[in-house]
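The values are calculated or read from the model by the stated rules, or taken from the named source; none is laboratory data. Quantities reported herein were computed from a predicted structural model and do not represent experimental measurements. So basically every Cβ, Gly included, is an ideal-geometry build from the backbone, and we count neighbours across all protein chains shown.
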Amino acid sequence: MLADPIGHVRTPEVINPVFASRGIDAVMVPIHYAPDDFALGWSAMKRTRNLGGVVVSVPLKEQALEFADEADDVARELGAANVIRRTGDGRMIATNLDGRGFLRGMLNEGVDARDRRVLLVGAGGAGKAIAYSLAKTGCRSLRVSDVDSVRAQALANDISKRYSGFDIRASDSRLIDVDLLINATPCGLNPDTDPLPVDISELRPSIMVADIIMKPRETPLLKAASVAGCEIRYGAGMLDSQIDLMVSYFGY
């Protein structure tokens, strides 16, 4: 399991009991690579003969796709990979399970997004996967907000080209005319110092709020949403729904 920082990740603690219960001779360990060190670390992993696969979190997903020897259509469409299978000859084969895991684990296979006006905050690796998945759910509209407005606009343009007629645009983070808010940014990993991804004074009970952060379970955004009477969805659901997909992808 790779990330920067690494302390918040839950994947090893969730997947290792699955390995044990199924009698799979494998264990997942967390490893901390900074982006500047990732190329060297990747080279070492390709040569690690008892390595079966890798799960990649922020901010390394785009690099993982770049370094992979092969990638499926989903990863290439998103420009990011979060699960890598290492073959016996050292080839690294990439996919991205973020979007599928998000819809399955947090939005009832996407059913809970139908006919909703969605604000997605964050256009990075996970945000891209979620946005592409939402385009297939039947949500009424999708606004994408990011601190990098160019990145948000690029994502909106790409999805518009692939899904003609889908109502998507880059936007600010105001909650006017929104009934589903999704935080796909790292804001909340460090509750004492991180800014909130939106102005919580604009929260209304009619807004469903989903936060993909897994640790802490109840982020400052979800706490505020709960106080405002919103229905909330915890980030752990996204990971939990991906575990079987990951194990299968690794060939177990």
* Asked: Out of (1) at pLDDT 95 or above; (2) outside the structural domain of residue 172 (by TED's automatic domain parsing); (3) at positive phi, what's the single condition that is false for residue 79?
  -> (1)
* Which number in (1) out of contact with any Phe, Trp or Tyr (no Cβ under 7 Å at 6 or more places or on another chain); (2) closer than 13 Å to residue 184 by Cα; (3) buried (at least 19 other Cβ atoms within 10 Å of the Cβ) marks the one condition that residue 99 misses? -> (1)
* Among the residues of region 43-74, count how many are within 10 Å of residue 86 (Cβ to Cβ) and not charged (D, E, K, R). => 7
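Do we have residue 182 as outside any helix (DSSP H, G or I), surrounded by 14 or more Cβ atoms within 10 Å (Cβ to Cβ), under 17 Å from the mean Cα position of the chain (by Cα) and at negative phi here? Outline the logic, then answer.
Numbers: outside any helix (DSSP H, G or I): yes; surrounded by 14 or more Cβ atoms within 10 Å (Cβ to Cβ): yes; under 17 Å from the mean Cα position of the chain (by Cα): yes; at negative phi: yes.
The answer is yes for residue 182.
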* To do: Could you check region 8-74 for helices (runs of 4 or more DSSP H) lying wholly inside it with 3 or more residues that are surrounded by 15 or more Cβ atoms within 10 Å (Cβ to Cβ) and aliphatic (A, V, I, L, M)?
  => 11-21
* Is at least one residue of region 83-91 free of Cβ contacts under 8 Å to residues at least 40 places away in the same chain, within 30 Å of residue 208 (Cβ to Cβ), crowded, with 18+ Cβ neighbours inside 10 Å and among the aliphatic types (A, V, I, L, M)? -> no
* **Unique match (being farther than 30 Å from residue 69 by Cβ and in contact with an Asp or Glu (Cβ under 9 Å, 6 or more places away or on another chain)) among 141, 133, 164, 171** => 141
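Restricting attention to region 193-252, report how many residues are hydroxyl-bearing (Ser, Thr, Tyr), surrounded by fewer than 17 Cβ atoms within 10 Å (Cβ to Cβ) and not in a helix (DSSP H, G or I). Working first, answer last.
Pass one, region 193-252, residues hydroxyl-bearing (Ser, Thr, Tyr): 193, 201, 206, 219, 226, 234, 241, 248-249, 252.
Next, from what is left, pick out any that are surrounded by fewer than 17 Cβ atoms within 10 Å (Cβ to Cβ): 193, 201, 206, 226, 248, 252.
Within this subset, residues satisfying the condition of being not in a helix (DSSP H, G or I) are 193, 206, 252.
Result for region 193-252: 3.
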* Within the set of pairs 6+ apart or on separate chains, which have a first residue in region 186-200 that is within 17 Å of residue 124 (Cα to Cα), a second that is in a loop (DSSP other than H, G, I, E, B) and among the acidic types (Asp, Glu), and C-beta atoms under 9 Å apart? -> 186/194; 187/194; 188/194
